[in-house]
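Written below as C-alpha cells is the structure these notes are about.
The values are calculated or read from the model by the stated rules, or taken from the named source; none is laboratory data. Given the structure is predicted, the values throughout are model-derived calculations rather than measurements. Cβ: placed from backbone, ideal geometry, glycine included. Neighbour counts: every protein chain shown. The accessibility values were calculated without ligands, DNA or RNA, using every heavy atom of the protein model including side chains. Shrake-Rupley method; radii C 1.70, N 1.55, O 1.52, S 1.80 Å.
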Amino acid sequence: MADEGTTASGSGPGRIRPTGQRRKVHGTRRKVLTVVAWSAAGAVVLSGAGLGYAYFQLNGNLKGVDINSALGTDRPKNADDGSTDILLMGSDSRQGTNGKYGDDGGGARADTAMVLHVYKGHKKASVVSIPRDTIVSRPECRKTGGGTSPAAERAMFNESYQIGGPACSVKTVEKLSGIRMDHYLEVDFTGFKKLIDKLGGVPVTTGEAIQDKSSRLDLQPGRHTLDGEQALGLVRTRHAVGDGSDLGRIQLQQAFVKALINQVENVDLFGSPSKLYGLADTATRTVTTDSSLASVDDLLGFAKGLQGIGPKDMSMVTMPVTYDPADPNRVIPLEKKGKQVWEALRKDRPIPKSATKGAAGDSADASEVVTSS
C-alpha cells in the first residue's frame, strides 16, 4: 500500500523469530467445553473436561496444517507480549455435501476471513474482517498441487486459499498486516451447519424481513432459533444490510458471531454428557487447525485462554477499504486507515474509531437487523 485508496504492496515489519515458537496461552481454573464457530468460514475453539474416555477418538479427528514449515522464516516477528493473533477462515468448497451450494470453479476459496487479536491478559479481543473481494498484493506461494505461484500485484484476496491453501492465506494476511499469525482455524459450510445443529441452534431477533433465494433464507421480523442451514444462509446473504456487497454481509457475520458466543455461554453442557461428547466430536471432526493446535491437549490449553471473553469484550471491525475505481465489484485497502488498524494490534492496543470512519461500508449497520435473543 503506497497511498490512500491504493492496492496493498510490500511486507509488514519483517523481523524473524525461530520456527515453531509461539506465544503462551494463559489458562483458567474453570474448565468448560466451549465451541465458538466463526460464521461461514469462521473457526471453532474447543475446550473441555471429563473427556478422557474419548481422548484418542477426539485426537484422531483433528486435522492439522504445518504452517511454520510451509512458510519458513520469511515472516513478521512474533510480538511476544502475551497477546495472540489467530487467522479464522471459512472455505467455500463445494466438494461432497457442499455441492448443493453451487460450483466452486474447481477449487475452494476463502469465503470468510477474520483476524482475531486476543489482548494480553486474555480478557478482551478485537476482530478484523478482511473482505474476500479485496484486491491485494499477494506474495509468492507454494501451490497446493506442487510448484510455485509467483507474486501478484493485483490479486483477489480469497484466491490465496485456492492457490496455496491455508499457508498461502496466512502468508497473504501477514504481508497485508505485518502481524505474525500464531494460529490458524478453519471450518467449511457443512462443518459450520453441523456445529450449529449440535449446539441446539442460535437464538436471534430480526428487526426486519430477510429474504434471499440465493442463500436459501426466509426470515420474518421477530425471534428465531436458527438451525445450521438458516445460520449458514444468514452469514452468506448479501441482501440484508447496506448496498448488497460483501461489506454488508460481513456486518451480518459479525452480529451472528456475537449471538453465537452468547448462546455458547448459556448452554448447560455439564447437564448432558452425551451432548458434551457429541459437540466435542463434531467440532474436532470439522475444524482444521495449524499443527500446533492439532491435538486435544493443545486445543484445550488454547481455548481455556479464550473462555472468559464474551460478546461485550469483543470489538469487531472491517479492514478499511474503498471501492476499486477499476472494478466497482472489488475493493482496495485504504493505506493510512489500515495502518492504524494493524499498528494498534501490533502494539496490543484498541483499534481507534477513526481508523474505520469513512471507509466503504462504514455506514452499514447490522445491529438493527440481527441481534442476540
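Taking H122, is it at pLDDT below 95, under 23 Å from A294 (Cα atoms) and open to solvent by less than 20 Å² (accessible area, probe 1.4 Å)?
In short, yes.
Could you grab me the full set of residues in region 142-164 that are open to solvent by 20 Å² or more (accessible area, probe 1.4 Å), of a type in the set (S, T, Y) and not in a helix (DSSP H, G or I)?
T144, T148, listed by residue number.
What number of residues in region 335-373 are under 26 Å from P76 (Cβ atoms), in a loop (DSSP other than H, G, I, E, B), touching a residue at least 24 places away in the same chain (Cβ under 8 Å) and open to solvent by 20 Å² or more (accessible area, probe 1.4 Å)?
4
With (1) open to solvent by 40 Å² or more (accessible area, probe 1.4 Å); (2) within 24 Å of A79 (Cα to Cα) as the list, and P139 as the residue in question, which single condition is left unmet?
(1)
Would region 306-318 turn up any residue that is over 20 Å from the mean Cα position of the chain (by Cα) and part of a loop (DSSP other than H, G, I, E, B)?
No; the residues of region 306-318 include none that is over 20 Å from the mean Cα position of the chain (by Cα) and part of a loop (DSSP other than H, G, I, E, B).
Only one of V321, V257, V331 is open to solvent by less than 30 Å² (accessible area, probe 1.4 Å) and within 20 Å of V187 (Cα to Cα); which?
V257
Condition check ((1) open to solvent by 10 Å² or more (accessible area, probe 1.4 Å); (2) out of contact with any Ser or Thr (no Cβ under 8 Å at 6 or more places or on another chain)) across all residues:
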site	(1), (2)
G201	no, no
E208	yes, yes
S214	yes, no
D218	yes, yes
H224	yes, no
D227	yes, yes
A231	no, yes
V235	no, no
S245	yes, yes
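Report every pair of residues separated by at least 6 positions or lying on different chains whose Cβ atoms are under 6 Å apart, first residue within region 190-208 and on the phi > 0 side of the Ramachandran plot, second surrounded by 18 or more Cβ atoms within 10 Å (Cβ to Cβ) and at pLDDT 90 or above.
As it stands, the answer is G201/L226, since those pairs meet every condition given.
Regarding D281, is this residue modelled with pLDDT of 85 or more and either in a strand (DSSP E or B) or of a type outside the set (S, T, N, Q) (or both)?
yes
In region 59-76, which residue that is of a type in the set (V, I, T) and not in a loop (DSSP other than H, G, I, E, B) is most open to solvent (accessible area, probe 1.4 Å)?
V65
Would you check if there is a residue in region 210-219 being at pLDDT 90 or above and either of a type outside the set (D, E, K, R) or assigned to a helix (DSSP H, G or I) (or both)?
So far as region 210-219 goes, yes, one or more of its residues are at pLDDT 90 or above and either of a type outside the set (D, E, K, R) or assigned to a helix (DSSP H, G or I) (or both).
Please determine whether any residue of region 174-191 is at pLDDT below 90, open to solvent by 10 Å² or more (accessible area, probe 1.4 Å) and over 18 Å from the mean Cα position of the chain (by Cα).
Within region 174-191, not a single residue is at pLDDT below 90, open to solvent by 10 Å² or more (accessible area, probe 1.4 Å) and over 18 Å from the mean Cα position of the chain (by Cα).
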